[in-house]
Amino acid sequence: MKFFIDTANLDQIKEANDLGVLDGVTTNPSLMAKEGIKGEEAVMKHYEAICDLVDGDVSAEVISTDFKGIVEEGKKLAAIHPHIVVKVPMIKDGVKALKWFSDNGIRTNCTLIFSAGQAILAAKAGATYMSPFIGRIDDSNWDGMELIGQISHIYSVQEYKTQILAASIRSPLHIVKAAELGADVCTCPLDSILGLLKHPLTDIGLAKFLEDAKKMNA
Ligand code: E4P
C-alpha cells in the first residue's frame, strides 16, 4: 500500500518525506485555504513547490463543476508538473471529465466517494485513483472501512484498474485496516503516519536495552 500525506503544508510534507516512506500527496481546496494560499498564481506556485518536494503523485483539485470548466482547469493543473494528478469530484460532469482526461492521457483522482456505486462509475470512467472518505462516513454513523472492503471486492472481481485511495483518515488504526482490506493507497495526516510508530513496549524495551548497554561499557 502506498502512503500519501493529506496536507498542503510544506513543513509537514518535508517531515513525512524525510521518513523515506512517502509516495505522494493529496490536497483539496480546504487544505490549500488552511495554508493561506490565495489567487490562481499562488495556487499554481504552491502545487509546483509540493511537486518539487516529493517524488510521487500530487493530487490537485479542480473547483469547476461543469464539464468544460473541469477540463480546462484540469489541463492547466496537469501542465504544472508531471507529478500532478487532477482531482475531480464525483458529480455527473465530473464523470464525463474523468473519461475525457483518461482518453487524453491525464491522470485523475475521483474524490468525494461515499458508495460502491460511485466507485464503479469512477472505475468505468477510467479514473487513475478514486477516494472513499472513510472518516466522514464514520462521522455519519456508518462504517467507512466496510466500504473499502466492498469496493476492494468489486474491483478485484471486475478486474478494474482504478486504484483505491483510502482518504479522510483519522487514526493509525484506519491505516492498518485500509491495508488489511486491500486499499492501494492511504492518504493520511502526518499525526496518523507518526502514530504508527508508537507502542509502549517499544519504548520500555528500548529504555532497558540502553540501560543494559551502559553495563557493557562500564
Ligand atoms: C482526500 O483526498 C481529502 O483531501 C481528505 O482525505 C479529506 O479528509 P477530511 O475528511 O479529514 O477533510
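Coordinate-derived values only; no laboratory data. Only a predicted model underlies this, so the values are computations on that prediction, with no experimental measurement involved. Backbone-built Cβ (ideal geometry, glycine too); neighbour counts: all protein chains shown.
The relative contact order of the chain comes to 17 percent, based on Cα pairs under 8 Å that sit 6 or more residues apart.
The H on the amide N of Thr108, modeled in the peptide plane, is under 5 Å from the matching H of Val86, Thr128, Tyr129, each at least 5 residues off or on a different chain. Stokes-Einstein diffusion of the chain at 20 °C, 1.002 mPa s viscosity, Kirkwood radius from Cα pairs, rounded to a whole number: 118 µm²/s. In this label model, Leu196 and Glu41 are separated by 3.9 nm, measuring between points 7 Å along each Cα→Cβ vector.
The trypsin sites (Lys or Arg not before Pro) found in region 125-218 that occupy coil by DSSP, while having at most 15 further C-beta atoms within 10 Å, are Lys161, Lys198. Potential lengthening of the chain between Lys161 and Ser115 amounts to 14.8 nm, from the contour at 0.36 nm per residue minus the alpha-carbon distance. Evaluated with a Cβ-only charge set (Lys, Arg +1; Asp, Glu -1), the chain carries a dipole of roughly 280 debye about its Cα centre, given to the nearest 20.
Summary value for region 101-171: 33 percent relative contact order, contacts being C-alpha pairs under 8 angstrom separated by 6+ residues. Using R0 = 35 Å, the C-beta based FRET efficiency linking Lys99 and Asp203 works out to 0.10. Once you reduce region 135-159 and region 101-131 to the center of their Cα atoms, the two points are 15 Å from each other. With θ taken as phi - 60° and the Karplus curve 6.51 cos²θ - 1.76 cosθ + 1.60 applied, the whole-hertz 3J(HN,Hα) list for region 37-50 is 7, 10, x, 4, 5, 5, 4, 4, 5, 5, 4, 5, 5, 5 Hz, x standing for glycine and proline. For the chain, the longest principal axis of the C-alpha atoms and the axis of helix 200-217 are separated by about 40°.
A Stokes-Einstein calculation at 37 °C with viscosity 0.692 mPa s, built on the Kirkwood radius of region 54-99 over Cα pairs, returns a diffusion coefficient of 310 µm²/s. Phi-derived couplings, Karplus 6.51 cos²θ - 1.76 cosθ + 1.60 at θ = phi - 60°, listed residue by residue for region 111-121: 9, 6, 8, 10, 8, 5, x, 5, 5, 5, 4 Hz, with x used for Gly and Pro. So what's the back-of-envelope 222 nm ellipticity for the chain, counting only DSSP H runs of four-plus at -39500 (n - 2.57) apiece and dividing by all residues, rounded to 500? It lands at -16500 deg cm²/dmol. Rounded to the nearest 0.05, the FRET efficiency derived from the C-beta distance between Ser30 and Leu10 at R0 = 25 Å is 0.90.
Using C-alpha pairs below 8 Å separated by at least 6 residues, the relative contact order for region 144-218 is 28 percent.
Over all Cα atoms in region 1-130, the spread is summed up by Rg and Dmax: 14.1, 40 Å. Here the simple spin-label model places points 7 Å from the Cα toward Cβ, and for Trp142 and Asp212 these points are separated by 5.1 nm.
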